[in-house]
1. How many residues are out of contact with any helix residue (DSSP H, G or I) (no Cβ under 8 Å at 6 or more places or on another chain), of a type outside the set (Val, Ile, Thr) and farther than 21 Å from PHE363 by Cβ if we restrict to region 320-337?
2. I'd like to verify a number: residues in region 378-403 that are closer than 17 Å to GLY76 by Cα and assigned to a loop (DSSP other than H, G, I, E, B), how many?
3. Pairs only if they're at least six apart or on different chains, beta carbon under 6 angstrom, first in region 227-242 and more than 10 Å from the ligand (Cβ to nearest atom), second open to solvent by 10 Å² or more (accessible area, probe 1.4 Å) and of a type in the set (A, V, I, L, M, F, W, C); list them, first residue then second.
4. So LEU235 ticks every box in (1) closer than 19 Å to VAL146 by Cβ; (2) open to solvent by 10 Å² or more (accessible area, probe 1.4 Å) but one. Which box is left unticked?
5. Do we find that THR168 is more than 22 Å from GLY279 (Cα to Cα), hydroxyl-bearing (Ser, Thr, Tyr), without any contact (Cβ under 8 Å) to a residue 12 or more places away in the chain and more than 16 Å from the ligand (Cβ to nearest atom) in this structure?
6. Kindly indicate whether any position in region 210-217 is touching a strand residue (DSSP E or B) at 6+ places or on another chain (Cβ under 6 Å) and under 29 Å from PHE110 (Cα atoms).
7. Tell me which residues, restricted to region 141-161, are buried (at least 18 other Cβ atoms within 10 Å of the Cβ), away from the ligand (no atom under 11 Å from the Cβ) and closer than 20 Å to TRP264 by Cα.
Amino acid sequence: MAKQASVLSEAQTADAALRARARRVVPGGMWGHLNAARLPEGYPQFFASAEGCRVRDVDGREYIDFMCSWGPVVLGHRHPGVEAAARAQAALGDCLNGPGEVMVDLAEDFVAMLPHADWAMFQKNGADATTSCVTIARAGTGKRKVLVARGSYHGALPWCSPSVAGVTAEDRAHLLHFEYNDIASLRAAVDQAGQDLAAILVTAFRHDMGRDLELPTREFAAAVREACDAGGAALVIDEVRAGLRLDICGSWEALGVRPDLCAWSKAIANGYALAAVTGNDAFREAASKVFVTGSFWCGAVAMAAARATLRVARETDVPGHIRTMGLRLREGLASLAHQHGIAIRQSGPPQMPLMLFDADPEFQMGRAFCSAALRHGAFFHPQHNMFLSAAHGPDDIDAALEAASHGFKAVAELDGRAHP
Ligand SMILES: Cc1ncc(COP(=O)(O)O)c(C=O)c1O
């Protein structure tokens, strides 16, 4: 009987049928954070297409997208200029015996755009870039200890994975921790590193899953810079998640603090697989000495896509537009929550917002909100910072707020509260 019911439900949607097939040939049906079992009820696992700020699942349902592929899509899905540049390069070749001219062009673009950068090198994933930064910092300083903020995400490799499965203590032997935005804990970790401090690795802002987002204070950013200068260590900013959304010149530029090394990925090629490390002259020799490489790191198509993405970012105020749309969303959510008598907290930069419900430690309200909003066509996340893109316009935000109003109704119904 039970089997029959599950067979029936599997047959109901294309998504369910694909999940059933995946469970047989993909461990767990899907790996990591993208496993839809971690998401609220009703979230699709499989997607068919996307355009602008809308994604479509394999059952043809369309959603206004507030995850943007978890960051990479900063100009909107299938941005015409980026797609044209990628197609033109693909017609010539992608995976050649070495880099194309486009690699030098792109490195020049990065160096011209980023005040801290004298050079750039390219990889594929964010973790390639953060790992390369750590390797270069150690090679350049001859030291071993790397300070990271407790709870910060820098990738899924053994030295930085949030999971302990398959990871040994030795993989993390030279990591020391401090609390983001807490200068006393930073200094204590610096003292612990003593003469062996190679780098302080810090995200552009605090965006740990499931807790309020926090922008760095000016004092904290200055203290990180000072500690690196005093200890002869590299200040590494992990821009993988925030890059191009806050400030195209670098997220800490407005704080008056420049890194020695910077890790980039996600948004830099608007969805094409590319990562970059940028650095200053102090670390140029170290960067040329370390052996870092990957079979696909020279892929020319992603580099052409990145050039087009950076061009749009330079020529139009991408962070400014996204911020305006993010503020419209934030104000709309605040007003809806107020109408429903529901207490929420919104945090982070409006370009990468997070909305949490008060007194919701298990995220049940957040999940109910998201499920209902999803049914009405908006793809939000209950725990992870979201992402807006340059393709979101006022009408899209307003349509998403309409979907969100159903989310608030669902939350009000959770505890039997009447709603207007
Ligand atoms: C801040 C930060 N650093 C590094 C990474 C790792 O990037 P990737 O998943 O492309 O390896 C991520 C991914 O979400 C990230 O958010």
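1. The number of residues fulfilling the criteria is 7.
2. 9
3. ALA227/VAL190
4. Of the numbered conditions (1) closer than 19 Å to VAL146 by Cβ; (2) open to solvent by 10 Å² or more (accessible area, probe 1.4 Å), the odd one out for LEU235 is (2).
5. yes
6. Yes - at least one qualifying residue is present in region 210-217.
7. Matches in region 141-161: VAL146, LEU147, TRP159.
A quick yes/no check of all residues on (1) farther than 19 Å from ARG367 by Cα; (2) of a type in the set (Phe, Trp, Tyr):
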| residue | (1), (2) |
| --- | --- |
| GLY28 | yes, no |
| TRP31 | yes, yes |
| LEU39 | no, no |
| TYR43 | no, yes |
| ALA48 | yes, no |
| GLU51 | yes, no |
| ARG54 | yes, no |
| VAL58 | yes, no |
| TYR63 | no, yes |
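The values are calculated or read from the model by the stated rules, or taken from the named source; none is laboratory data. Just so we're clear, the structure is a prediction, and the values are computed from it rather than from any experiment. With ideal geometry, Cβ positions are generated from the backbone for all residues, glycine too; neighbour counts draw on all protein chains shown. All accessible areas refer to the heavy atoms of the entire protein, side chains included, with ligands and DNA or RNA removed. Shrake-Rupley method; radii C 1.70, N 1.55, O 1.52, S 1.80 Å.
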